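Peer 1: This is the structure, below, for whatever I ask next.
The values are calculated or read from the model by the stated rules, or taken from the named source; none is laboratory data. Not measured: the values here are computed from a predicted model. Virtual Cβ from ideal backbone geometry, glycine too; neighbours counted across all protein chains shown. When the accessible area is computed, the model is the full protein with side chains, heavy atoms only, and any ligands, DNA or RNA have been set aside. Shrake-Rupley method; radii C 1.70, N 1.55, O 1.52, S 1.80 Å.
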Amino acid sequence: MQTVTRTKIEILADAPLVPRIVAALEAAGIGGHTLLPALGGSGRTGSWSEDGLTGAQSKLMVVAIASTDAADALVDALGPLLTSHRLLLTVGEVSVVRGDRF
């Protein structure tokens with residue numbers, strides 16, 4: 001099977017911010033995404049974990065695959081939120097089958 005190169009986007013964000021991220025995905029022309037629960041981790045500000053009771057520390061990973069142009073538009077749109085909302089945003093090349101879907 002032949003593959004094509006696309007851009008994979010991963011965004012770790014506080015759960016209340018996810019609707020805003022999904023709106024940015026749609027505005028950038030990215031029609032599909034997946035939400036994954038993030039149970040805990042650590043970073044520059046120390047360790048964190050989902051407390052399971054209040055959801056106060058609830059984080060989600062938003063994963064999407066898009067064209068380079070759409071991914072660039074999304075990165076530009078989310079740029080201002082990177083510091084103010086402590087988003088973790090990664091992008092990288094991936095090979096996909098059925099590239100016409102992305």
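Peer 1: Under 8 Å for C-alpha pairs, at least 6 residues apart: give me the relative contact order for the chain, rounded to a whole percent.
Peer 2: This gives 50 percent for the chain.
Peer 1: OK, next. Tell me, what is the 1.4 Å probe accessible area of Thr90, in Å² to the nearest 10?
Peer 2: 60 Å²
Peer 1: Further question on the same structure: Taking amide hydrogens as modeled 1.01 Å from N in the peptide plane, which residues meet the under 5 Å criterion relative to Lys59, leaving out close sequence neighbours?
Peer 2: So Lys59 has HN proximity to Ala15, Ala38.
Peer 1: Next question, about the same structure. Along the charge dipole of the chain, pointing to its positive end and built from +1/-1 on Cβ of Lys, Arg, Asp and Glu, which listed residue (Leu88, Leu25, Ala77) has its Cα farthest out?
Peer 2: So the residue furthest toward the plus end is Leu88.
Peer 1: Now for a different question. Ignoring ligands, DNA and RNA, please state the percent of accessible area on the chain from carbon and sulfur, probe 1.4 Å.
Peer 2: About 52 percent, which is the carbon plus sulfur part of the accessible surface.
Peer 1: At 1.4 Å probe size, put Leu88, Leu12 in order of accessible surface, largest to smallest.
Peer 2: Largest accessible area first, the residues go Leu88, Leu12.
Peer 1: Would you kindly derive the ³J(HN,Hα) couplings of the range 3-17 from the backbone phi angles with the Karplus curve 6.51 cos²θ - 1.76 cosθ + 1.60 (θ = phi - 60°), listing them in order in whole Hz, with x for Gly and Pro?
Peer 2: Each residue's phi maps through the Karplus curve to give 10, 10, 8, 9, 10, 9, 10, 10, 10, 9, 8, 4, 3, x, 8 Hz.
Peer 1: Suppose every Lys and Arg Cβ carries +1 and every Asp and Glu Cβ carries -1, with no other charges. What dipole size does the chain come out with about its Cα centre, to the nearest 20 debye?
Peer 2: The dipole magnitude comes to about 120 debye.
Peer 1: Separate question: How many percent of the alpha carbon pairs in the chain exceed a separation of 19 Å?
Peer 2: 44 percent
Peer 1: Under a 1.4 Å probe, what is the accessible area of the chain per residue, stated in Å²?
Peer 2: Averaged over the residues of the chain, the accessible area is 64 Å².
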